[in-house]
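Chemist: Quick one: the structure is below, and I'll ask about it shortly.
The values are calculated or read from the model by the stated rules, or taken from the named source; none is laboratory data. Only a predicted model underlies this, so the values are computations on that prediction, with no experimental measurement involved. Here the Cβ positions follow ideal geometry from the backbone for every residue, glycine too, while neighbour counts run over all protein chains shown.
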């Protein structure tokens, strides 16, 4: 390390502070404490190419502490990414290239969006797990040795380690021995409300040692030589590693080590004094040219040869006859592939009747047999949800190509890890019971935000957990899923509709939730996989005069059909509409929608979940036969009857609603 390194760090600090000052918000404290860490990582260790941010074999970097976004953007600018001075000035403004929290679809050099505190750590674990899996797929190919072999780094702070999701994810990473994962922790022991002496007192070094990590503590967390040495040594470890850098939040500010510097711009005189101390230009957004030239030459000299080697191998593969390797590389580079669903040749006997979980298991396995790029797991409930691939092992350090991932009882980390795997080019799925949605919602919401092809298989969709207590009946969870933007939510009724769901999964790069009953269901004669992908369609048509419509989902579709047939004896001519996916139905044109659910016809909705979301289809919520309260503890058949949701009660309610004005 030399004066050029020190000067470069000072320029990064000043740029970040200028961005925060102009935006009127941001985190100057971590920009000052963390600049030496990020600079050392990018200048001395991280393999990347600013002119090709999507280089397949680049190292991945995750900013878990999204409040350090100004620091990261300033670093990317100085390192040569396509981020201009004008972009820096537009930090946090509408439609800018540099949003308040990093977004991978907007800013070059961002490998994945940060999410809430701790989530970035789970994302990084997923990216490291994906690297191990993909490297082992290619490892048998001689030409692939230099095509995929990268590390995943994540920068975090005290607040990330306080979050449960970070503990879930790192515990999993330690068990998996993800040796190419490195966490750089900026440990200032100050957060938004003050010091952590009253709320975060455990020995984090011992915690991570117990989880199987290589651990190092750097007391001088801003000493460039010490940072460089610590990272160099950690890279030699055969364990995942975490480096704790003891830093001073807002170093050189008049308020250093105080929470006031955690959030919000510095005063003008404090900013001026810091710049004087750093020996940088006082004028905002001005950077010495020699610092930019130095750091960019440093990176090019270190990474340029690695990038050239990669290109030569890549060109060699392109000109070879290795179709398998070529197809694999295309898939990973494009991150958008479709599974040939029509080739599955899944035949359904008319007398077919079994648990929808078993049906889903069979179709999942057929899909998985067509590509090695779909894998996933469960939160310790695979034996119950049946969401696993038969002809493979459980993923581990000894079996890196295992496609069943045992996440343990860690729902939020499970979903966050799958986000990291999906953004690395894989199509992933996970399973748990629907009642556990709340545990993984932050990560599921990130799947939707990033439009990642993660499939969530939720089971035990209504009454199946009644014996465990009223709390375990997920009355509100379907409404929650349907109200998350960009999340496509299905509740299929039978095998035909599950086939339609999987066809949609195979043909679309979308986050998808599938809500499944464990009940044994027959194949219905009028359900249709193709129409399932339209979201809603007619499964029982009226014979003459349309007296009313029943919209139903899931296992209630069969009840709705039977009710309509029986009420024919009371001169009620009823249409039944199966609506496995409200989202997709509402995206169809108005002509199609009104051909299925015409206006000025009385509509009744049948689904044991929240009533409010169905208001778009009915004139009054009394026409929604749903649930707006928790159920009861008891046997399923007893609870169903007490809630008025047994077949005879439903039939009586439908008749009353249609016969009365």
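Chemist: Exactly one condition in (1) free of Cβ contacts under 8 Å to residues at least 60 places away in the same chain; (2) assigned by TED's automatic domain parsing to the domain that holds residue 440; (3) surrounded by fewer than 22 Cβ atoms within 10 Å (Cβ to Cβ) is false for residue 384; which is it?
Modeler: Going through the list (1) free of Cβ contacts under 8 Å to residues at least 60 places away in the same chain; (2) assigned by TED's automatic domain parsing to the domain that holds residue 440; (3) surrounded by fewer than 22 Cβ atoms within 10 Å (Cβ to Cβ), residue 384 breaks only (1).
Each row is one residue, and each column tells you yes or no for (1) modelled with pLDDT under 95; (2) crowded, with 23+ Cβ neighbours inside 10 Å; (3) more than 19 Å from the chain's Cα centre (by Cα); (4) farther than 18 Å from residue 552 by Cβ.
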site	(1), (2), (3), (4)
468	yes, no, yes, yes
473	yes, yes, yes, yes
485	no, no, no, yes
501	no, yes, yes, no
511	no, yes, no, yes
532	no, yes, yes, no
540	no, no, yes, no
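Chemist: Any residue at all in region 448-465 that's surrounded by fewer than 24 Cβ atoms within 10 Å (Cβ to Cβ), over 13 Å from the mean Cα position of the chain (by Cα), in a loop (DSSP other than H, G, I, E, B) and modelled with pLDDT of 95 or more?
Modeler: For region 448-465, residues surrounded by fewer than 24 Cβ atoms within 10 Å (Cβ to Cβ), over 13 Å from the mean Cα position of the chain (by Cα), in a loop (DSSP other than H, G, I, E, B) and modelled with pLDDT of 95 or more: absent.
Chemist: Could you tell me which of the residues 425, 408, 402 is touching a strand residue (DSSP E or B) at 6+ places or on another chain (Cβ under 6 Å) and assigned to a loop (DSSP other than H, G, I, E, B)?
Modeler: On the way: 425 fails: touching a strand residue (DSSP E or B) at 6+ places or on another chain (Cβ under 6 Å); 408 fails: touching a strand residue (DSSP E or B) at 6+ places or on another chain (Cβ under 6 Å).
Answer to the selection: 402.
Chemist: Looking at 249, 326, which is the one that is on the phi < 0 side of the Ramachandran plot and not assigned by TED's automatic domain parsing to the domain that holds residue 130?
Modeler: On the way: 249 fails: not assigned by TED's automatic domain parsing to the domain that holds residue 130.
The conditions single out 326.
Chemist: When the residues of region 297-322 are narrowed to those that are touching a residue at least 60 places away in the same chain (Cβ under 8 Å) and over 19 Å from residue 48 (Cα atoms), which ends up surrounded by the fewest Cβ atoms within 10 Å (Cβ to Cβ)?
Modeler: My answer is 320.
A quick yes/no check of all residues on (1) without any contact (Cβ under 8 Å) to a residue 40 or more places away in the chain; (2) assigned by TED's automatic domain parsing to the domain that holds residue 151; (3) under 24 Å from residue 160 (Cβ atoms); (4) surrounded by fewer than 18 Cβ atoms within 10 Å (Cβ to Cβ):
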{"site": "49", "(1), (2), (3), (4)": "no, yes, no, no"}
{"site": "61", "(1), (2), (3), (4)": "no, yes, yes, no"}
{"site": "68", "(1), (2), (3), (4)": "no, yes, yes, no"}
{"site": "71", "(1), (2), (3), (4)": "no, yes, yes, no"}
{"site": "75", "(1), (2), (3), (4)": "no, yes, yes, no"}
{"site": "82", "(1), (2), (3), (4)": "yes, yes, no, yes"}
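Chemist: Here's something else I'd like to know. Select, from 587, 555, the only residue that is surrounded by fewer than 14 Cβ atoms within 10 Å (Cβ to Cβ), touching a residue at least 12 places away in the same chain (Cβ under 8 Å) and not assigned by TED's automatic domain parsing to the domain that holds residue 504. Show your work before the answer.
Modeler: Values: 555 fails: surrounded by fewer than 14 Cβ atoms within 10 Å (Cβ to Cβ).
Just one listed residue meets the conditions, 587.
Chemist: Oh, and also: Take the residues in region 323-352 that are in contact with a helix residue (DSSP H, G or I) (Cβ under 9 Å, 6 or more places away or on another chain) and over 16 Å from residue 425 (Cβ atoms); name whichever of them is surrounded by the most Cβ atoms within 10 Å (Cβ to Cβ).
Modeler: 341
Chemist: Now a separate question. State which residue is nearest to residue 175 (Cα to Cα) when the search covers only region 208-226 and only residues that are without any contact (Cβ under 8 Å) to a residue 24 or more places away in the chain and touching a strand residue (DSSP E or B) at 6+ places or on another chain (Cβ under 9 Å).
Modeler: Filtering region 208-226 down to residues without any contact (Cβ under 8 Å) to a residue 24 or more places away in the chain leaves 209-210, 226.
The next check asks that each one be touching a strand residue (DSSP E or B) at 6+ places or on another chain (Cβ under 9 Å); those that pass are 209, 226.
Details: 209: 12, 226: 29 Å.
Only one residue tops the list, namely 209.
Chemist: I need the full set of residues from region 86-102 which are without any contact (Cβ under 8 Å) to a residue 40 or more places away in the chain and either part of a helix (DSSP H, G or I) or not assigned by TED's automatic domain parsing to the domain that holds residue 22 (or both), in order please.
Modeler: 86, 87, listed by residue number.
Chemist: May I ask you to verify whether residue 431 is crowded, with 20+ Cβ neighbours inside 10 Å, over 24 Å from residue 333 (Cβ atoms) and touching a helix residue (DSSP H, G or I) at 6+ places or on another chain (Cβ under 9 Å)? Give the steps one after another, and end with the answer.
Modeler: On the way: crowded, with 20+ Cβ neighbours inside 10 Å: yes; over 24 Å from residue 333 (Cβ atoms): yes; touching a helix residue (DSSP H, G or I) at 6+ places or on another chain (Cβ under 9 Å): yes.
When the stated conditions are applied, residue 431 passes them.
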